Amino acid sequence: MPIFLSPDARCCHLQGRRLSMVLCAYKVQDGADELIMPYFGARLEDADVPAALLTSERLASFDTDNATLPFALPTAGRGDFRPAQLCAVGRGGQRTTRLSFLRAEVTPGKPPLAGLPATYVEREDEAQTLSAHLRDEVTGLEATLCYTLFSRHDAIAVSLRVLNAGGAPVKLRACASASINLFGAYDLLHLHGAWGKERQIERVGPMHAERVIRSARGASGHQHNPFCALMEPEATERTGGVYGISLVYSGDFQIAVDEDAYGQTRAVCGLNPETFGWTLLPGESFQTPEAVLAYSDAGLNGMSQIYHALYRTRLCRGYWRDRERPILINNWEATYFRFDHEKILRIARTAAGLGVELFVLDDGWFGERDSDDRSLGDWVVNPRKLPRGLKGLAEDIEALGMRFGLWVEPEMISPNSDLCRAHPDWVLRVPERTATQARNQWILDMSRADVQDYVVEAICAVLKSAPISYVKWDMNRNFAEYGSAALPPERQDEAPHRYMLGVYRVMESITSAFPEVLFESCSGGGGRFDPGMLYYMPQTWTSDDTDAAERLKIQYGTSVVYPASTMGAHVSAVPNHQVGRVTDMKMRGDVAMSGNFGYELDLSQQTPEDLEIIRRQIERVKRIRRVTQQGAFTRLISPFEGNLCAWQFQLEDTVLLFAFVTLQSANPQMRRVKLADIPDGRWRDEETGAEYDASVLTGAGVRLPFIQPGGQPVGDFKSLVMELRRIG
Ligand code: DGJ
């Protein structure tokens, strides 16, 4: 897995297990050296960079040479015309930046990014890092591009640091994390959505224009995940070349993909330049978030498996990273704001009797919080609802044999709160303009150190006040007008990124003060389901939409980047509160047990038949969760393409097949599902005792039991979970 640097240190080949990236100094038209990326894709076997890669076809055309060169760090205002990674304005006020190549070096391991989430290594031999240094003579800006190649993952983590080594302030107008340049045209696959329907898969063909995915909401958002895949047009789930671009960040971002007139594709990924600006005084530097690039020649699923393995083991951290996650019961949909100590205990008693391991008390336990229009920021228990406090409730729940968890929303402030009356200047807003409310709340100005300190102190006090083992960290609105009373006018455009840096500082402080607490992030469901959050909190509430049929698409789409161990998935009541649909308890459980499993309903109100199904679900989850949380996940049948859906997990000698049917039709097609890449040998279906050779499972496949022997469909919303164990 080495990074090869040529003897003159002008060319570099990052040669992974199955990918290669080439970066070289290149003399542009006026003789200056610049850094180009002539190749990124399938592994090149020669360590030396083939000379053929380094010749550029200069086009006899109207355009400048710069319009066709594959710059590793494309800059604005110099005749490149495609999306730029860096736009800096110096003393002269012009937007031109040109970076000459200075030198490159390779070091073992991977340096951390101060104050930012990032992938990491535990030992130096897990990765090597190439640092390429560049300089703009006019502004004095020095740029360092860092590329870390992992030894066990076909991924390269990229980030950029710029230092103002000149004598005058420089304004960064754009400073993105990574650029890639590819030959050819690519389909773009991305994950779009809205509240309640996050991460839907959309694949669009090439076009001679920019395709842009972005957020300007102060959060990565429900609408676009900070990710895209560039797929060879003929690539499928399991075949063909696929590039992944994933940004380790939770705020405003942009990924711009441009296919030029000469058959080349460039992608630039990083902070959204529309809501970003940063003043660098002489001697100051700016570090971008990290982008993680992946390449697979085994289709989209191959790319997903690269991210799953890397993010599960080298992005998520801490005590819970490799531990089996507890089965929980959350009271939100059971009670909303209407609960007291006794009501909670009644639900908890039934849950404990069924084998649930953790009770999570959701919104409504603090201040005067009887509805969503008050008290955010007042993190003091409501004695009317909980006369014995959180401690009394947690102790009663622990006495039932369960752990206790709690909901908080630390970044928010209600206009009707003691906190807002005491500190009106702590609201993120623009003076002399209305501060728009959403869900009756405002946002705390997390860019301010005093606000960060308040939040750390207030939340730590709550967590110390009772035996709390789990925290659900919510965030229920996005930015409208954003400004900080603590920043001067010329730095107001720094507020969105400073907000995120503040949130990260607070999360780092609180999670490291309570290392054994399991933290789950949430933003109105999955509005901030991104790699940045996963660095601090190893799981995320996937969506507020808990309908089993809708969840198939949401969880399937989420799996394009994120491992199942990061997805919260709960069984809720019917008719479902988001869509009004009725599905049976088995289907709801079978969908949820592909993620971090739990219940979100009043267990004391279920029928005896459903309670028996629940008891068996809990037993099964305890038996299989190591496989769902740590095994290799493979998508088999897409719910976006019809009424069936299937996926599998495999870990050591266990394979789990999950299959679902949504709306049936008369005279349906007969369907089998072929399992994928399972180890050779004989496998037994643990329920029926039937035995199969691996070749039968992958070649002939498994018949889906959604049609009765007479040809009659078994009805809508049915599911199959098959547990296969290798017996020889
Ligand atoms: C939004 C979350 O996604 C829900 O699960 C719940 O916690 C509510 N917020 C509470 O206000």
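Residues in segment 455-475 that are outside any helix (DSSP H, G or I) and of a type in the set (A, V, I, L, M, F, W, C) were compared, and the one that is farthest from the ligand (Cβ to nearest atom) is 466.
Condition check for residue 447 on (1) touching a residue at least 60 places away in the same chain (Cβ under 8 Å); (2) more than 16 Å from the ligand (Cβ to nearest atom); (3) crowded, with 17+ Cβ neighbours inside 10 Å; (4) of a type in the set (Gly, Ala, Ser): one failure, at (1). Scanning segment 76-88 for residues that are within 17 Å of residue 141 (Cα to Cα) and under 28 Å from the mean Cα position of the chain (by Cα) yields 84, 85, 86, 87.
Just give me the residues in segment 356-370 being near the ligand (Cβ under 10 Å from one of its atoms), free of Cβ contacts under 8 Å to residues at least 60 places away in the same chain and under 30 Å from the mean Cα position of the chain (by Cα), in sequence order. Walk me through how you get there before you give the answer.
Taking segment 356-370 first, the residues near the ligand (Cβ under 10 Å from one of its atoms) are 360, 362-364, 369.
Now restrict to residues that are free of Cβ contacts under 8 Å to residues at least 60 places away in the same chain: 364, 369.
Once the filter is applied, which keeps residues that are near the ligand (Cβ under 10 Å from one of its atoms), free of Cβ contacts under 8 Å to residues at least 60 places away in the same chain and under 30 Å from the mean Cα position of the chain (by Cα), segment 356-370 yields only 364.
Taking the numbered list (1) within 20 Å of residue 563 (Cβ to Cβ); (2) at pLDDT below 95 in turn, residue 667 passes all entries but (1).
I'd like to check something: does segment 164-174 contain any residue that is of a type in the set (A, V, I, L, M), crowded, with 24+ Cβ neighbours inside 10 Å and within 20 Å of residue 104 (Cα to Cα)? Reasoning before the result, please.
Initial filter on segment 164-174 (of a type in the set (A, V, I, L, M)): 165, 168, 170, 172, 174.
The next check asks that each one be crowded, with 24+ Cβ neighbours inside 10 Å; those that pass are 170, 172, 174.
Those left that are additionally within 20 Å of residue 104 (Cα to Cα): none.
No, segment 164-174 has no match at all.
Search segment 238-263 for residues that are within 15 Å of residue 306 (Cβ to Cβ) and pair each with any residue that is of a type in the set (D, E, K, R) and at pLDDT below 95 when their beta-carbon atoms are under 8 Å apart and the residues are at least 6 apart or on different chains. Final answer for the pair search is none.
Can you run down the residue pairs with Cβ atoms below 6 Å, 6 or more apart or on separate chains, where the first is in segment 712-728 and among the hydroxyl-bearing types (Ser, Thr, Tyr) and the partner is buried (at least 19 other Cβ atoms within 10 Å of the Cβ)? Here the result reads 719/587; 719/590; 719/660, each pair linking segment 712-728 to a residue that is buried (at least 19 other Cβ atoms within 10 Å of the Cβ). Taking residues in segment 326-350 that are farther than 12 Å from residue 405 by Cβ, and partners anywhere that are away from the ligand (no atom under 16 Å from the Cβ) and hydroxyl-bearing (Ser, Thr, Tyr), the pairs with Cβ atoms closer than 8 Å and at least 6 places apart or on different chains are 346/604; 347/604; 349/604; 350/604. When segment 654-677 is limited to residues that are in contact (Cβ under 8 Å) with a residue 24 or more places away in the chain and surrounded by fewer than 13 Cβ atoms within 10 Å (Cβ to Cβ), the one that is nearest to the chain's Cα centre (by Cα) turns out to be 663.
In the set (1) in contact (Cβ under 8 Å) with a residue 60 or more places away in the chain; (2) surrounded by fewer than 17 Cβ atoms within 10 Å (Cβ to Cβ); (3) within 16 Å of the ligand (Cβ to nearest atom), residue 437 fails one condition alone, (1). For residue 416, the conditions (1) closer than 30 Å to residue 517 by Cα; (2) within 16 Å of the ligand (Cβ to nearest atom) are fulfilled apart from (1).
Could we say that residue 526 is of a type outside the set (S, T, N, Q) and closer than 19 Å to residue 407 by Cα here?
Values: of a type outside the set (S, T, N, Q): yes; closer than 19 Å to residue 407 by Cα: yes.
For residue 526, the condition - of a type outside the set (S, T, N, Q) and closer than 19 Å to residue 407 by Cα - is met.
With respect to the conditions (1) farther than 23 Å from residue 303 by Cβ; (2) of a type in the set (D, E, K, R); (3) exposed (fewer than 15 other Cβ atoms within 10 Å of the Cβ), residue 641 falls short on a single one, namely (1). Within segment 384-409, which residues are within 16 Å of the ligand (Cβ to nearest atom), in contact with a strand residue (DSSP E or B) (Cβ under 7 Å, 6 or more places away or on another chain) and not in a strand (DSSP E or B)? Scanning segment 384-409 gives no hits. May I ask you to list the residues in segment 382-434 that are at pLDDT below 95 and within 29 Å of the chain's Cα centre (by Cα)? None; the set is empty. Scanning segment 544-574 for residues that are closer than 21 Å to residue 203 by Cβ and not basic (Lys, Arg) yields 550, 552, 554, 555, 556, 557, 558, 559, 560, 561, 562. Restricting attention to segment 353-380, the residues that are within 30 Å of residue 618 (Cβ to Cβ) and of a type in the set (Val, Ile, Thr) total 2.
The set of residues in segment 312-346 being in contact with a Leu (Cβ under 6 Å, 6 or more places away or on another chain) and more than 13 Å from the ligand (Cβ to nearest atom) consists of 315, 316, 320, 326, 341.
Of all residues in segment 202-230, count the ones that are without any contact (Cβ under 8 Å) to a residue 40 or more places away in the chain and not charged (D, E, K, R). Adding up the residues that qualify gives 4.
The values are calculated or read from the model by the stated rules, or taken from the named source; none is laboratory data. Since the structure is predicted, the reported quantities are computational estimates derived from the model, not experimental observations. Cβ: placed from backbone, ideal geometry, glycine included. Neighbour counts: every protein chain shown.
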